[in-house]
Amino acid sequence: MLLMEGWITLIVVLGGVILRPTSTQNAIPETVLNCCEGDILFLLDSSGSVSSYEHYHMIQFLSQLLQPFSLGPDQVRVALLQVGTEPRLEFGFEAHSTHRSLQGALSRIAPLQGDTNTEAALRLAREQVLVPGGAGGARAGIPRVLVWLTDGVQPGAVEGPMVQLKQEGVAILAVSTGYGDYQVLQKVVTPPPNAHLYFVDIDDVSIITKDLRDAIIELIRAERLQVRDVTSSSAVLQWRPVLSGGTGYYNIVFGPLGTEGGGEGGPGTSTSTGSGPFRRVSRPGDSTWAELTGLREDTWYRATLEPQSNVDFLKPLSVNFTTLPEVLSPTTVTVTESNTSSLKVSWGPLQPNSVLRYEVEYGALPRGEVRIFIAGPDQSSAILTQLQPNTEYLVTVSALHSTGRQRAMSVRVCTQEELPALQDLELTTVGSDSVQVSWRGGVEGVQGYWVTWEGGSGFSGHTNSLYLPPNSLSTLLTHLPPATRICVSPVYRTARGEGLCCTAQSYSEAGTWGHGSYSSA
């Protein structure tokens, strides 16, 4: 299968001589449904050298060629551009998502006549239709195909534009109903030419339908088998359906790379193959996924999807993947809501199917008594109480798994220091606009005091603050407005303690108040 980022250009040359063996079977295979994802642009020669008879048969050929494909945004999309004196885009990729709409559009296409201006048609195709994200609606990262149908008469200087398209990721195939230059056509098609270049008489064009369709499928076949949601012990296989109408069933064989095995298992079963590590599961024909369980951690596996059909032989699809290393809980331990005598510790992720219990050990550093809290497999946090204030603790969360394995994580955390409240705040009026502020000290651990004051009702309300050392137990505030609110708070190592506030009843005949002044005593 050829996988490419860009467009695939397919040139179909219809001529009088068949140069390669072709199939005579034109039955529409249902197994083409959902097989592919790609954008196909048909470049149809509609110049004056192409008779109405030939044009009609070309359209009928396209109709039969496309009939089996599933159309839609996540499937195959089709656009058609006609070649004449003025090339014309009949419809773009986003125009038709159903066969009824597409077949109706094909039946209404009329020939352009005029000159065979293939060079201009290729410029239009490259600049407007085939550009991912452009006005033509091409999809980035999706295989793109240009199919050129021509009578081979004076196509013009197409070699350069075609080579440029191939360099940009476009695959090219060719079919001609005339006697075109084989050497030129051989150069412009995507290798190998024996699979992508056709010469056939217009009356016999239908005999190449299956071969041409198969060539397109090989170029735009979607990635059929994918692995999703891989963990240390499981993985999910997803695939595009290949069985028609939900008939038949799928066998899935999987096991570690480098092992051999096989086995029998009915629908929905998963059985070991003797003593070997390979296992087999089956799913109905309308299934699109299967979960593989019981895998080893950090191991490369190979899974093979085997479509079983009574109608067609369908190739098995295989994919390799590696399971993740086993992640044992806990992987994170955090401490929140710490205060002077308690704290909350949380851990994760929860693994209730494998964890029997959690043990939370905690003790003061460096040699405090160690206590243990037992938590169930569904519990992700615990509140530890009766702790000492302003003390560093070591907290360790251990998980005992059902396999006998253990995992532990530790974290250090400090409880908050005790912050005693201020006591005995006293305000003494000194003069008309001054207040002596006094309080009782001697509390252990105090680092200092914050004094704040603000004018009362009718004043601008500018807040003043003053920091005093721990040995200062009073201060004199002057130039205070009436009804000044004064607060004093003790300052500790980590935060302020609870303070006290009083309103000073001082009066002044002065008409203008300053910001206040202070003196310590």
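The values are calculated or read from the model by the stated rules, or taken from the named source; none is laboratory data. No experiment lies behind these values; they were computed from the predicted model shown. Here the Cβ positions follow ideal geometry from the backbone for every residue, glycine too, while neighbour counts run over all protein chains shown. Remember, those area values only see protein heavy atoms, side chains included, never the ligands or the DNA or RNA. Shrake-Rupley method; radii C 1.70, N 1.55, O 1.52, S 1.80 Å.
The largest accessible area among Val242, Val437 belongs to the first residue in Val242, Val437, and the rest follow in falling order (1.4 Å probe, all chains).
Between Glu86 and Glu168, how high is the FRET efficiency from 1/(1 + (r/R0)^6) when r is the Cβ-Cβ distance and R₀ = 35 Å? Nearest 0.05. Efficiency computed from Cβ-Cβ geometry: 0.90. Model label points for Gln128 and Leu350, set 7 angstrom from Cα along the Cα-to-Cβ axis, are 6.0 nm apart.
Net charge in the neighbourhood of Ser52 (other residues with Cβ under 14 Å of its Cβ; Lys, Arg +1, Asp, Glu -1) is -3. Legend: P(r) of the stretch 277-420 from all alpha carbon pair distances, 10 Å bins from 0, whole percents, reading 10, 29, 20, 14, 12, 9, 5, 2, 0.
Under 18 Å from the 7 Å Cα→Cβ point of Val153, by amide nitrogen: which residues of the stretch 174-197? Zone members listed by number: 175-182. Computed extension length for Thr429-Thr334: 29.0 nm, one decimal, from 0.36 nm per residue of separation with the Cα-Cα distance subtracted.
Over the Cα atoms of the stretch 172-230, the radius of gyration divided by the Kirkwood radius equals 1.18; this is the Rg/Rh ratio. Each peptide among 40-48, 65-73 gets the average number of other Cβ atoms lying within 10 Å of its residues, and from highest to lowest they stand as 40-48, 65-73. For Val413, the solvent-accessible surface with a 1.4 Å probe is about 20 Å², rounded to the nearest 10.
Counting 0.36 nm for each residue step from Ala483 to Tyr467 and taking away their Cα separation leaves a gain of 3.6 nm.
The P(r) of the stretch 24-177 has a tail past 22 Å containing 38 percent of all C-alpha pairs. Taking the inverse of the mean 1/r over every pair of distinct Cα atoms in the stretch 370-496 gives a Kirkwood hydrodynamic radius of 18.9 Å. Taking a straight line from the alpha carbon of Lys210, these lysines sit under 20 Å away, with near neighbours fewer than eight places off in the same chain left out: Lys315.
Distances between placed amide hydrogens fall under 5 Å for Leu295 paired with Ser234, all partners being 5 or more residues away or on another chain. The label point for Thr231 and the one for Asp204, both projected 7 Å from the Cα toward the Cβ, are 6.1 nm apart.
Our summary of shape: the Cα atoms of the stretch 341-431 have principal axis extents of 81, 27, 16 Å, ordered from largest down, in whole angstrom. Largest first, the extents of the alpha carbon coordinates of the stretch 463-508 on the three principal axes equal 39, 18, 16 Å.
A Förster radius of 41 Å, combined with the Cβ-Cβ distance separating Ser381 from Ser309, puts the computed FRET efficiency at roughly 0.15. Between Leu324 and Glu94, the distance separating the two model label sites (each 7 Å from Cα on the Cα→Cβ line) works out to 3.7 nm. Measuring only protein heavy atoms, the 1.4 Å probe finds Arg296 accessible over about 130 Å². What is the percent of Cα-Cα separations in the stretch 146-253 that go past 24 Å? Within the stretch 146-253, distances greater than 24 Å cover 45 percent of Cα pairs. Remark on Gly169: its backbone amide H falls under 5 Å from none of the residues 5 or more positions apart or on other chains, H modelled at 1.01 Å from N.
Amide H to amide H distances under 5 Å link Thr85 with Asp115, Asn117, where only residues 5 or more positions off or on other chains count and H is placed in the peptide plane. With 0.36 nm allotted per residue and the present C-alpha distance subtracted, the Cys414-Arg108 stretch has 102.0 nm of extension available. Take the Kirkwood radius over Cα pairs of the stretch 35-86, plug it into Stokes-Einstein at 37 °C and 0.692 mPa s, and you get 267 µm²/s for translational diffusion. The Cα atoms of the stretch 109-158 cover 34, 22, 16 Å along the three principal axes, with the biggest extent listed first. Across the stretch 86-199, Cα-Cα pairs more than 24 Å apart make up 29 percent of the total.
Rolling a 1.4 Å probe over the protein heavy atoms leaves His462 with an accessible area of roughly 100 Å².
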